[in-house]
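Data first, discussion second: the structure below is written as structure tokens.
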Amino acid sequence: MAVLLILGCATAAVAARGSIVKAAPSTARIFAAIGLPVNLRGLALDKVRTNTFDLGDRKVLVVEGAIVNLRGLTMEAPNLRIALRDADKRELYVWTAPAPKSRLGPDERVAFRTRLAAPPDGVSDVLVKFALAGDKLAPLKDGS
């Protein structure tokens, strides 16, 4: 009987994992660790890549990828938060770029591209994620 009860509780937790993560966000790591990630936003970032170009007297960092709507309904696309980090994962520079579209249709995918003139030295990786509501949008520079 105890085994059935435990199995029933585990099944219920898996079935209601979206609600559980919404109520207790730290549980998202547990579900992801067992191969059941939870995406409450319904959007994902895909094929994010960076390139650095030398333009004579300065370097330009280009960050591009795609925003993907994982749901079968129209979703609002949040701005993007781009963080340049050092080898210790400390943020050296952060900016917020607008999503290329404000709304994505069902299962739609839209490419994004943003750039930063003169990125700081010591950058070892770039972290791109969706901006939070309070994050300020950086003004566009150099036609980006």
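In Å, the Kirkwood hydrodynamic radius of the stretch 1-115 over pairs of distinct alpha carbons?
Working: mean 1/r = 0.0581 Å⁻¹.
Value: 17.2 Å, from the Cα pair sum.
Please give the calculated 222 nm ellipticity per residue for the chain, where each DSSP H segment of at least 4 residues contributes -39500 (n - 2.57) and the sum is spread over every residue; nearest 500 deg cm²/dmol?
That comes out to -5500 deg cm²/dmol.
Close amide H contacts of Lys59 (hydrogens built in the peptide plane, cut-off under 5 Å, sequence separation of 5 or more or a different chain): Ala118.
The magnitude of the dipole of the chain, with charges of +1 and -1 set on the Cβ of Lys/Arg and Asp/Glu and taken from the Cα centre, is near 320 debye.
Distant-in-sequence amide contacts of Leu43, defined by a placed amide H-H separation under 5 Å and a gap of 5 or more residues or a different chain, comprise Leu70. For the chain, the number of Lys pairs with C-alpha atoms closer than 23 Å, counting only pairs eight or more positions apart or on separate chains, is 13. Less than 5 angstrom separates the built amide H of Ala131 from those of Asn79, Leu80, Arg81, all sequence-distant by 5 or more or on a different chain.
All other residues with a Cβ under 11 Å from the Cβ of Arg109 taken together, and with Lys, Arg as +1 and Asp, Glu as -1, what is their net charge?
Numbers: positive: Lys47, Lys101; negative: Asp46, Asp107, Glu108.
Taking every other residue near Arg109 into account, the sum is -1.
Quick note: the coordinates plus some simple rules give every number you see, no bench work behind them. Predicted, not measured: the structure shown is a model, and the values here were computed from it. Counting neighbours? That spans all protein chains shown, and the Cβs are built from the backbone with ideal geometry, glycine included.
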